[in-house]
Amino acid sequence: MGYSFTAPAKNWATEPIERTEILWITIAGLWCLFMFGWMIAWHWIGNQNMSNEAYKTSTEAYAKKTEDFTAKYTVRQDASDPSLPVVAPPPGSDVYLAASRWQWRPVVELQKGKTYRIHISSLDWAHGFSLQPENINFQAYPGYEQVVTMTPNKSGTFGIVCNEYCGIGHHAMLGRIYVKE
Amino acid sequence: MAITTAQSPFRIDPLTGLRIDLTAQALVKTNAVLAVVFLLVGGIAGLLVALTRWPAVHLLPADLFYMALTAHGIVALMVWIIFFEMAVLYFVASTILNCRLAAPKMAWTQVVLMTVGAAITAVAILQGDSSVMMTSYVPMNAAPHFYLGLILFAVGALIGCGVFWGTLVIAAEEKTYEGSLPLTVYGCMIATVIAVFTIASGAIILIPTFLWSLGLIKTIDPMMYRVIWWAFGHSSQQINVTAHITIWYTVAGLAFGAKPMSEKVSRTAFLLYILFLQLGSVHHLLSDPGLSSAWKIFNTSYMMYLAVLASLIHGLTVPGSIEVAQRRSGLNNGLFEWLRKCPWGNPVFACTILSIIIFGFIGGITGVVMSVEQVNMIIHNTIYVPGHFHGTVAGGTTLAFMGLTYYLIPVLFQRQLIMKPLAALQPWLFGIGISIFAVALMGAGTLGVPRRHWDITFAGQALGFEWPGMAQMMMAIGEIGGVLSVVGGALFCVIVVGSILAGEPVPANAKNIVAPPADAGGHKEIGMGGFEAPGTFVLALVLMATLILYYFVNFKYLSTIWTLT
């Protein structure tokens, strides 16, 4: 006899395990193995995986890359805010998005069904890259340049929200991606 | 090692028959009362957060909102919980092992350090220049004393773990128990092992950050900070899981005379926690640059989900042990007679069973799904995350601690609970409130609503956009649930403080412990179909089916977003 809070019987290590527990451990263990395998398998059978391509950089170097990228491919000023250039890089090219307090820049225009190498980094603090309404979320740091290869499968206007708290202007930190047919 | 065998004053508690070391009792009371005071503070901060994120109310201005959110995270998630855990450690080591507490002066040092530390950090937050959230990611910086307070608090907690271990040594030397450690003590011991790892990680990152805030260190790498901070931040939640599961087992014993279905299985499951649970720190890093998929998959799955397996085992064996005890004492009809005839109006039991259900169905299932490397991309840093961890930490840990508190008030303070009808209602108010909160926020997070965000309407922003109506409705419903849980939490504080100050004395002949049911001999005299706990098994299968369904629903959603390679 005894409780959960009294010393167990002397033979506790050799007592047989009851059927309820044996069966449950078997079921739960199999499901755990399946989940482990499925997470690995998704790298081959799924279309949503991180490339894990990343580079050490500096905020100055990344700011320069973003400026050059913006200057090279600007096609117009944004309709919502005429002070913002809209950048339309060719399919397959590298796209540089820079987070800083409190904006995601530049605004870019992509084409549906085309693939782009999207670079994400921060020029000051930690920020979040949250693409809405797709709900794709990545982390951005100063000094680290993350590359995600994205192929938009829908057209429209997509917002970038910062979802890593970055100070008093955090909730005003936005960006935008247009995807045209 | 020199161990004094000096007698320490004690009393025999009439309710439980337990021998209570009076020094330990004073320390348990002090830690528990401080815990409840901080729960109240954390709850008030939480209420302010909820009333701001409820779109129709939007109470606080931005700066105060971020301040309240920082305070809520630190006070409710760290201070309340760790103070209560100190009370649990001291109670378990001394009373359960029938032993005096080791090094009482060190234990009082723990109380002072943790109180002073929490106060210093609280002051830093209230001064307004440390609204950096609980996580305080560099290079965002807080005032130096923000970090200093946390460091002192952690040192205090480390001392508490040392006192616990010292007491185990004394109990073994003085042979205050026979054979192996009781499961309750064993579980706490596992929690302290995880705690030492946790606090070491915290020291490794917070001490340099403190020096950096003073200008003595030039830079702290933001990525390294996150990796090590989460070895502290996530592991501290694993202490909580281990502690509250230990409390589940203990309450099953106290309220039903239950013993573990199999000591071997339960102990092995706890051991898996030491080996694998901390790997889960990587759950927070899955969307970060520079980490390989192999590394992420190994860690995020706790090495092939062995820690998840451990939790699934506890999830079965705790209610299973209650079922076995109930069936042994005659409630052996059908699948669920044992469950129907549980003392649902007893707040000790209600808190515990709600903790088990909420932790399993809300915190557990979502935790397993969101920590899949790929699924995390559609969840990371959305308000889904707070939804999830309120299911684990508020619904799981806090409710379990509330249940134990209801049990311990008559034992330690020798007072009955006041307002018993309200005490019977309180677990349901808190549990249902936090469940609504968690589920609705996870709904809003699935639709992309960000966490730690003051204004999802993006008022006045040229690049602003509108969330789906459903997301806004989910935020409103969730925060109403949040307010409900705060009311439940406040009621808990009122009942606890009221009972301590004004409760009726415990009657002389009252008993507060259920004798183990007689083992009629043979394993197959209870249950159905060769199962001792068939009802629990069916409920466990429901949990498994829910988990599998929810897992694939999320992969289905994932497969519709942009192609990412």
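For residue B:377, are the conditions met, namely being of a type in the set (A, V, I, L, M), part of a helix (DSSP H, G or I), touching a residue at least 60 places away in the same chain (Cβ under 8 Å) and within 14 Å of chain A (Cβ to nearest Cβ)?
Judged against the criteria, residue B:377 is a match.
When you scan segment A:157-170, do you find a residue that is modelled with pLDDT of 95 or more, in a helix (DSSP H, G or I) and on the phi < 0 side of the Ramachandran plot, even just one?
Within segment A:157-170 (the criterion being modelled with pLDDT of 95 or more, in a helix (DSSP H, G or I) and on the phi < 0 side of the Ramachandran plot), the answer is yes, since at least one residue qualifies.
More than 8 Å from chain B (Cβ to nearest Cβ), over 30 Å from residue B:293 (Cα atoms) and of a type outside the set (Lys, Arg) - does that describe any residue in segment A:100-107?
yes
Looking at (1) within 14 Å of chain A (Cβ to nearest Cβ); (2) not in a helix (DSSP H, G or I), find the lone condition where residue B:345 falls short.
(1)
Return the residues of segment B:94-103 that are buried (at least 19 other Cβ atoms within 10 Å of the Cβ) and either in a helix (DSSP H, G or I) or among the small types (Gly, Ala, Ser) (or both); say none if nothing qualifies.
B:94, B:95, B:96, B:102
Condition check: among the small types (Gly, Ala, Ser), surrounded by fewer than 24 Cβ atoms within 10 Å (Cβ to Cβ) and within 14 Å of chain A (Cβ to nearest Cβ). Does residue B:360 satisfy that? Explain how you work it out, then say what you get.
Working: among the small types (Gly, Ala, Ser): yes; surrounded by fewer than 24 Cβ atoms within 10 Å (Cβ to Cβ): no; within 14 Å of chain A (Cβ to nearest Cβ): yes.
So residue B:360 fails the test.
Residue B:499: polar (S, T, N, Q), within 20 Å of residue B:438 (Cα to Cα) and assigned to a helix (DSSP H, G or I), yes or no?
Numbers: polar (S, T, N, Q): yes; within 20 Å of residue B:438 (Cα to Cα): no; assigned to a helix (DSSP H, G or I): yes.
So residue B:499 fails the test.
Determine, yes or no, whether residue B:339 is touching a Gly at 6+ places or on another chain (Cβ under 8 Å), surrounded by fewer than 24 Cβ atoms within 10 Å (Cβ to Cβ) and either within 14 Å of chain A (Cβ to nearest Cβ) or β-branched (Val, Ile, Thr) (or both).
no
If residue B:381 satisfies every condition in (1) surrounded by fewer than 23 Cβ atoms within 10 Å (Cβ to Cβ); (2) in contact with a strand residue (DSSP E or B) (Cβ under 6 Å, 6 or more places away or on another chain) but one, which is the exception?
Unmet for residue B:381, out of (1) surrounded by fewer than 23 Cβ atoms within 10 Å (Cβ to Cβ); (2) in contact with a strand residue (DSSP E or B) (Cβ under 6 Å, 6 or more places away or on another chain): (1).
Determine if segment A:22-43 includes at least one residue that is touching a residue at least 40 places away in the same chain (Cβ under 8 Å) and facing chain B (nearest Cβ under 8 Å).
Within segment A:22-43 (the criterion being touching a residue at least 40 places away in the same chain (Cβ under 8 Å) and facing chain B (nearest Cβ under 8 Å)), the answer is no, since none of the residues qualifies.
Of all residues in segment B:440-455, how many are farther than 14 Å from residue A:135 by Cβ and either within 29 Å of the chain's Cα centre (by Cα) or buried (at least 24 other Cβ atoms within 10 Å of the Cβ) (or both)?
Number satisfying all stated conditions: 5.
Quick check on this structure: which one of B:280, B:290 is within 21 Å of residue B:134 (Cα to Cα) and small (Gly, Ala, Ser)?
After applying the criteria, what remains is B:280.
Please work out which one of (1) more than 27 Å from residue A:4 (Cα to Cα); (2) within 14 Å of chain A (Cβ to nearest Cβ) is the condition residue B:153 fails and give its number.
Exception for residue B:153: condition (2).
Pick from segment B:269-306 the residues that are in a helix (DSSP H, G or I) and of a type in the set (Ser, Thr, Tyr): which of them is surrounded by the most Cβ atoms within 10 Å (Cβ to Cβ)?
B:302
Specify the residue that is surrounded by the fewest Cβ atoms within 10 Å (Cβ to Cβ); the eligible residues are those in segment A:111-130 that are within 8 Å of chain B (Cβ to nearest Cβ) and within 9 Å of the chain's Cα centre (by Cα).
A:130
With (1) within 30 Å of residue A:54 (Cβ to Cβ); (2) under 19 Å from the mean Cα position of the chain (by Cα); (3) at pLDDT 95 or above as the list, and residue B:297 as the residue in question, which single condition is left unmet?
Result: residue B:297 fails condition (2) only.
Kindly list the number of the only condition in (1) in a helix (DSSP H, G or I); (2) surrounded by fewer than 24 Cβ atoms within 10 Å (Cβ to Cβ) that fails for residue B:418.
(1)
The values are calculated or read from the model by the stated rules, or taken from the named source; none is laboratory data. This is a predicted model, so every value here is computed, not measured. Reconstructed Cβ throughout: ideal geometry from the backbone, glycine too, with neighbour counts over all protein chains shown.
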